[in-house]
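What follows is a single structure, written as structure tokens, with notes after it.
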Amino acid sequence: MSQSEVDVQSLFAEEKVGWSGYVEWEKYPEKKAIATQILNTKKFTPIPEFQFVPLPNTNPILIGHRWKEYHEALGLKNIVDFSWKTVLEEKPDLLHVLDFPYNGETTREQLLLGKLTDNKYHFVRNHGGIPDIQEDVFELEIGGLVNKTVKLSLKDLKDPAKFPQAEVTVTLQCSGTRRIEQINEYPGDGDELINAPWGEGAIGTAVYRGVPLKKVLKLACGGVTPECKHLEFIGVDTYFKKNNVFNYAVSVPWRKVRNNEEVLLAWEMNGKPLPKSHGAPLRVVVTGYIGARSCKWVYRINALAEPSMGPVQAQEYLYFTSQIGKQNTKYSNGFSIQQMPVSSAIISPVNRQVIVHEGKITLKGWAYSGGGNWVERVEVSPDGGSVWYAVDQDDMTEKHYHAWRLWKIDVPVDAEGWLEFCVRTWDSSNNTEPTFVRSAWNWDLHVTSSCHRIKVYSVNKTRAATMKRLKELEARGEGIEPLSHPLEYQLEDTEEYLKACRAHPREPVC
Ligand SMILES: Nc1nc2c(c(=O)[nH]1)N[C@H]1C(S)=C(S)[C@@H](COP(=O)(O)O)O[C@H]1N2
Ligand SMILES: [Mo]
């Protein structure tokens, strides 16, 4: 180990025993400044280009060399190693979109398994490493504009005699869900941090058990002071941005927290202890808001007069107009994305699938709306958005204030060849989705809530000619796929050809 490595390791040592992966930055501006100085002397691998070139066909899809190097530069390689080890233990079967910071997406099959997403399959979105914090030494500090600053152990928080508990069914959706559709049509910000090229699987639903933050503020802190307008959540993980270091920090308005069961401090997910990758030992769950506000590994809560100045709150998760881009973007010219809009996705079939059917095609997917709106109606169009068929209520999972509905529909389809299917959802406020990706493209590629579209190739067996062709193929031990491979036999014999062409000559007779 070189002299400088020894130095960084003592400079940026872990803050507390039993809190592996936790370096405190927010309390020590001088320490932050030294980290920046060190980072400024280094050259880091550029972020991989993945918007203007096809995504690699590998697993993990993208490798986070740059973030690994950031951590290594500050002597924090152990965090990188522990994160990946935890992913392999807790999330072996996810689609690994980025290995570090870890971003893992739920596969199509896993998404459709049921209303609640198994912890093993729930997507993970990280901005830094996964820490390893021992429950018995963990404490949560609450300060700022509260009547009394407190430190609470997990034992305190879990004691039902001290705080009333709640269980809430919550869909967490990353605001980057379905971003790949924006990228495929119109690339946007590559950013200092990779904006993960998510498909339809950066969404999942779980029952979280914990205590409403409102109750903790009231019972432990004697309430917030009248100036308090926002609650800031600080997570243990180290976050790098433009050569500065931070602990992950976000905030939500006090108005939101006041709705008792809409902001929880949770330690249990689907009846099991919160997995490390989901924020163990304690996380915030903010219903109806973008996933980013549900701070994992939360160890400090500050009551503030203004929203958090942390870069994740103030400089990211912004929604710009389509005329804002690299040429003119500023943090203040996009609005802050908090509540999720209504959106949906077709999970089965998949884009470009060939479907052999008997006049009906079955589609399945999810539909969700944030802000406490629930999904009322899901409609599917087999013609790109002119004719719509509504999903039967019996074919949707039950309603929740803060969770998605999975749906299924058999759509009547007579036409053959390429068809464009799309889905749109109506929520309880009668909101629906923008029609095209282009209608809602934005520079940071957030909230791709436009109607999800897929193109499928319809082969209708109820048509005689099609049935005949399928039988021919079957007799030869072949199928219709791959569509792009030509048939290797004559399509009709000479007699049949001549009969048809003589009945309907190709040229006018005179
Ligand atoms: N401390 C911390 N909390 C965090 C994040 C993070 O990187 N660090 N990522 C956020 C984002 S962007 C999302 S979408 C959700 C994802 O929650 P999950 O990983 O439990 O699915 O966690 C949020 N909470
Ligand atoms: Mo996210």
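Structure notes:
- Centre-to-centre, using Cα atoms only, region 195-233 and region 315-343 are separated by 22 Å.
- A simple rule links phi to the HN-Hα coupling: the Karplus curve 6.51 cos²θ - 1.76 cosθ + 1.60 with θ = phi - 60°, which for region 70-79 gives 4, 5, 4, 4, 9, x, 10, 4, 4, 5 Hz, with x for Gly and Pro.
- Backbone N within region 264-281 under 19 Å of label point (7 Å from Val17 Cα along the Cβ vector): none
- Cα centroid of region 448-498 to Cα centroid of region 104-129, whole Å: 36
- Between Val137 and Leu113, the FRET efficiency from the beta-carbon distance, with R0 = 45 Å, is close to 0.80.
- The H on the amide N of Tyr389, modeled in the peptide plane, is under 5 Å from the matching H of Val380, Ser381, each at least 5 residues off or on a different chain.
- Size of the chain as Cα extents on the principal axes (Å, biggest first): 96, 53, 44
- With the highest mean first, a sort of the peptides 464-477, 349-362, 61-74 on other beta-carbon atoms found within 10 angstrom per residue produces 61-74, 349-362, 464-477.
- Helical mean residue ellipticity (222 nm; -39500 (n - 2.57) per DSSP H run of 4+; nearest 500) of the chain: -5500 deg cm²/dmol
- Estimated FRET transfer efficiency when R0 is 22 angstrom, pair Arg352-Thr466 (beta carbons, to 0.05): 0.70
- Between the beta carbons of Thr41 and Ala305, assuming R0 = 60 Å, the FRET efficiency works out to 0.95 to the nearest 0.05.
- Shape analysis of region 1-96 places it in the oblate category; the axes a ≥ b ≥ c from the Cα gyration tensor give an a/c of at least 1.5, with a/b not above b/c.
- Those Cys residues of the chain for which no other cysteine Cβ falls under 4.7 Å: Cys174, Cys221, Cys228, Cys295, Cys501, Cys510
- Near-label residues of region 202-230 by backbone N, under 20 Å of a point 7 Å along Cα→Cβ of Lys32: 230
- Taking 27 Å as the straight-line reach from the Cα of Lys468, the lysines in range (excluding those fewer than 8 positions away in the same chain) are Lys360, Lys455, Lys499.
- 5 angstrom amide H check on Gly279, placed H, neighbours 5+ away: Trp297
- Ranked by how many other Cβ atoms sit within 10 Å of their own Cβ, fewest first, the residues Ser332, Ser20, Ser294, Ser343 fall in the order Ser332, Ser20, Ser294, Ser343.
- For region 343-460: rounded, prolate or oblate by the Cα gyration tensor [a/c cutoff 1.5]: oblate
- Residues whose amide H comes within less than 5 Å of that of Ser251, counting only those at least five positions distant or on another chain, are Phe233, Ser308 (H built at 1.01 Å from N in the peptide plane).
- Whole-angstrom gap from region 1-65 to region 245-308, using each part's C-alpha centre: 24
- When the Cα atoms of region 464-503 are aligned to their principal axes, the ranges along those axes come out at 33, 19, 15 Å in descending order.
- With a threshold of 26 Å on the Cα-Cα distance, the over-threshold entries among Lys115/Lys276; Lys32/Lys218; Lys256/Lys399; Lys85/Lys215; Lys120/Lys364; Lys151/Lys214 are Lys32/Lys218; Lys85/Lys215.
Read-outs throughout are calculated quantities, based only on the coordinates presented, and are distinct from any laboratory measurement. Everything numeric here is computed off the predicted structure, so don't read it as measured data. Note that each Cβ is placed from the backbone with ideal geometry, even for glycine, and that neighbours are counted across all protein chains shown.
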